[in-house]
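Q: Sharing a structure with you now.
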Amino acid sequence: MFQVVVLPPAEAMRDVEEFRRLHDPAFHRVTAHLPLLPPFDATDAALLERFDAFRGGAGFDVELGPPTAVGRALCLPAARGDAELRALQSALAAALLPSPAEPPRAAPTLRVGLFGGDAELELARRALATLPPPAFAVSEVALLLEDVRGLWHEVRTSKLRARAG
């Protein structure tokens, strides 16, 4: 399985990663990330070539907003940079997914935990809301590959164009 994501810099995610360590069962499988394309199988040998050839738009800034519940998950949506993330997501879907594949509709969000009940979810949302919102520059996207143990590994990166000005 492959997945295309934005990997925020570790220094911007220290507090969030501590929170994820306690609440996200996938913490050990993959670092904090904003998924741009959902996990997909690729039998196409040219996938890596298409990824390497991908030239998305210019780099941009992202600031994650207040925590929101998505089902039983607690996520951080983009408060700034959402339009750029969605444009990048669409461009990647067109470049990498098979033509009959439906493009992703969900906005990229960073999952920080899964919770069994409403009270637990609300307590976690309130605790996470006390942390400063992570902000970082997006200058590349990463192609992740899932191994047989269910761990995700970065196998390629694609740089975005330098910002104008």
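Q: Once the Cα atoms of helix 118-129 and of the chain are each reduced to a long axis, what angle between those two axes, in degrees from 0 to 90 to the nearest 10, is obtained?
A: Tilt relative to the chain: about 80 degrees.
Q: How do His153, His33, His23, His28 rank by accessible surface area computed with a 1.4 Å probe, from largest to smallest?
A: I get His28, His153, His23, His33, largest accessible area first.
Q: Hey, could you pull the Cα Rg and Dmax for segment 62-117, both in Å?
A: Cα radius of gyration and Dmax of segment 62-117 are 13.3, 39 Å respectively.
Q: Please report, to one decimal in angstroms, the Kirkwood hydrodynamic radius of the chain built from all distinct Cα-Cα pairs.
A: One over the average 1/r among Cα pairs gives 16.5 Å for the chain.
Q: Calculate the tail of P(r) for segment 58-155: the fraction of all Cα-Cα distances greater than 16 Å, expressed in %.
A: For segment 58-155, the share of Cα pairs beyond 16 Å comes to 66 percent.
Q: Grab the Cα-Cα distance for Arg50 and Arg163, subtract it from 0.36 nm times how many residues apart they are, and report the gain in nm with one decimal.
A: Length gained, Arg50 through Arg163: 38.4 nm.
Q: Give me the net charge for the shell around Leu74: Cβ to Cβ below 15 angstrom, other residues only, Lys and Arg +1, Asp and Glu -1.
A: Net of charged neighbours comes to -1.
Q: Something else: Just in segment 1-93: which trypsin sites (Lys or Arg not before Pro) are loop by DSSP and have at most 15 other Cβ atoms within 10 Å?
A: Those that pass, being in a loop and sparsely packed, are Arg29, Arg55, Arg72.
Q: Right, next: Given segment 7-89 reduced to its alpha-carbon atoms as identical point scatterers, what log10 I(q)/I(0) does the Debye formula return at q = 0.13, 0.20, 0.24 Å⁻¹?
A: Summing over Cα pairs of segment 7-89 leads to -0.55, -1.14, -1.34.
The values are calculated or read from the model by the stated rules, or taken from the named source; none is laboratory data. Bear in mind the structure is a predicted one, so any value in this text is a computation, not a measurement. Glycine gets a Cβ as well: all are built from the backbone with ideal geometry, and neighbour counts include every protein chain shown. For the accessible areas, the whole protein counts, side chains as well, though only heavy atoms, and no ligand, DNA or RNA atoms are used. Shrake-Rupley method; radii C 1.70, N 1.55, O 1.52, S 1.80 Å.
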